[in-house]
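The values are calculated or read from the model by the stated rules, or taken from the named source; none is laboratory data. Just so it is clear, the structure is predicted and the values come from calculations on it, not from any experiment. Glycine also receives a Cβ, built like all others from the backbone with ideal geometry; neighbour counts cover every protein chain displayed. In case anyone asks, the SASA skips ligands and DNA or RNA and just uses the protein heavy atoms, side chains included. Shrake-Rupley method; radii C 1.70, N 1.55, O 1.52, S 1.80 Å.
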Amino acid sequence: MPLLNKVRTAVSGGSRGDTASLSLTRLRVALTLFFALDGFLFAGWVVRIPAIKQQTGASAGDLGLALLGVSAGAVVTMTLTGRLCRRYGSHAVTVATAVLLSLSIALPPLTRSPLALGLVLLVFGAAYGGINVAMNSAAVDLVAALRRPVMPSFHAAFSLGGMLGAGLGGLVAAGLSPTAHLLCLTAAGLVLTAAAGPVLLRHPSPAPPESLPARPTGTTSSGGARSGGARSGGARGTVLVFGVIALCTAYGEGALADWGALHLAQDLHAHPGVAAAGYSLFALTMTAGRLSGTALLERLGQTRTLVAGGLTAAAGMLLGALAPTVWAALLGFAVTGLGLANIFPVAVARAGAVAGPSGVATASTLGYGGMLLGPPSIGFLADWYSLPVALTTVAVLAAGAAAMGLATRGNRAT
């Protein structure tokens, strides 16, 4: 708490306040750039999946197994990144994992077999999982210091980066090989990290997460402390529910990222550029939804936003998966993006309201786990049934998220 109090006091007045405010602004800009870079690099990889699938001669099931490498690498790293952030700081870990992500994205097009692809995707997944946990930890600290609900803006930057990455990938898909394209992304990632990284490295996290939950204990008696401990079990359960909500919706984002372009190209025979534009359109509507998320929350409230978003995403994904034409499927992708836009940020925020930054970390890890486990699950289901049928699971989970959001309407932020 002492550091957090100093930051807030400095922000409130005098030349110290101006200096602290400028420092926080620089941190916010730098962190926003890393969120955008993460989305940009990830989208650049996913729009080249059809070409890399063909290059490696992988079947849908083989590709699903290879994509499991991303999930496995990310899950292992996510369990360790929290400790690394506590030891070295979330800012340093963000910069280090950004370098690793930028380098590892050049590896997939160098492979010639599903096995080799899966192995390099372990490295890519480790970097992707690490940077997401580190960035969100840094964002939690900054939001606490700013005392403003700006978390959706970081996720909007991720979506905007994804839109730009997918759009660029669609433009160069026909004229640039996957190897040349992803090497260019490596260079872009390293340049941006060199530009924005020093800002994070020069400024420590302004609000250590460990300091926030400790504040109420100083104002309660020993009996109050015991009652807080008794509530911890229920709080953990509530956090897990919000984490599952985040998982259900992130599953859809990961599925569309890795399989949306392939569905349009393989099942609906879309041109490669149009197929790549599917994820770009999805990212565009998700970005628009997140940029307007604050106003939507003020008008509808958290529960209605969760429920309306889940039902909208379910309807959109049914259209996107089962539509007989490319343009109807693109419309479905756009509606799905609008529906999913604010569910993940709201779920993470509500977990934080229940259990502080530790709740945010738990819900974020579960959510990103859904994003990474979705693609291989879609691959297995596509082998057993078909890709359109497999994609309908996105609609099922989005509807489930809406139901859980409605069931948790009594758990209000305090």
Worksheet item: Most fluctuating residue of 337, 237, 165 in a GNM of the chain with Cα springs under 10 Å: which is it?
Response: 237
Fill in: Vicinal HN-Hα couplings computed from phi for segment 152-162 (Karplus, 6.51 cos²θ - 1.76 cosθ + 1.60; Hz; Gly/Pro x)
x, 5, 5, 5, 5, 5, 4, 5, 5, x, x
Response to the item:
For 329-335, 368-374, 291-297, ranked highest to lowest by mean beta-carbon neighbours within 10 Å, the order is 368-374, 329-335, 291-297
Discussion item. Let me check I've understood the local charge: for residue 185, count other residues with C-beta under 14 angstrom from its C-beta, Lys and Arg +1, Asp and Glu -1. What total comes out?
Written reply: 0
Worksheet item: How large is the helix-only mean residue ellipticity at 222 nm for the chain, computed as the sum of -39500 (n - 2.57) over DSSP H runs with n ≥ 4, divided by its residue count, in deg cm²/dmol to the nearest 500?
Response: -29000 deg cm²/dmol
Response to the item:
For residue 383 and residue 177, extending 7 Å from Cα along the Cα-Cβ vector and measuring point to point gives, in nm, a value of 2.9
Item to complete: Report the dimensions of segment 109-179 along its three principal axes from the alpha-carbon atoms, largest first, rounded to Å.
Response: 49, 28, 12
Item to complete: Could you quote the convex hull projected area for segment 61-213, Cα atoms only and averaged over all directions, in nm²?
Response: 10.1
Response to the item:
With the convex hull built on the alpha-carbon atoms of segment 293-335, volume per residue in Å³ sits at 53
Worksheet item: In terms of solvent-accessible area of protein heavy atoms at a 1.4 angstrom probe, what is the ranking of 205, 177, highest value first?
Response: 177, 205
Worksheet item: So how long is each side of segment 326-409 along the principal axes, counting just the alpha-carbon atoms, biggest first, in Å?
Response: 42, 25, 20
Worksheet item: Residue-wise, which Karplus ³J(HN,Hα) couplings in Hz belong to segment 240-250, taking 6.51 cos²θ - 1.76 cosθ + 1.60, θ = phi - 60°, and x for glycine or proline?
Response: 5, 4, 5, x, 5, 4, 4, 4, 4, 7, 5
Discussion item. Testing the spin-label approximation: label points 7 Å from Cα along Cα→Cβ at residue 266 and residue 147. State their distance in nm.
Written reply: 5.3
Worksheet item: So for the pair residue 99, residue 328, with labels modelled 7 Å out along Cα→Cβ, what separation do we get in nm?
Response: 5.2
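Over the Cα atoms of the chain, Rg to Rh with Kirkwood Rh, two decimal places?
Expressed as Rg/Rh, it is 0.98.
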Worksheet item: Can you give the relative contact order of the chain as a percent, counting alpha carbon pairs under 8 Å and 6+ residues apart?
Response: 23
Discussion item. Need the C-alpha centroid separation for segment 253-294 versus segment 393-407, integer Å.
Written reply: 21
Fill in: Cα centroid separation - segment 73-126 against segment 134-152, whole Å
23
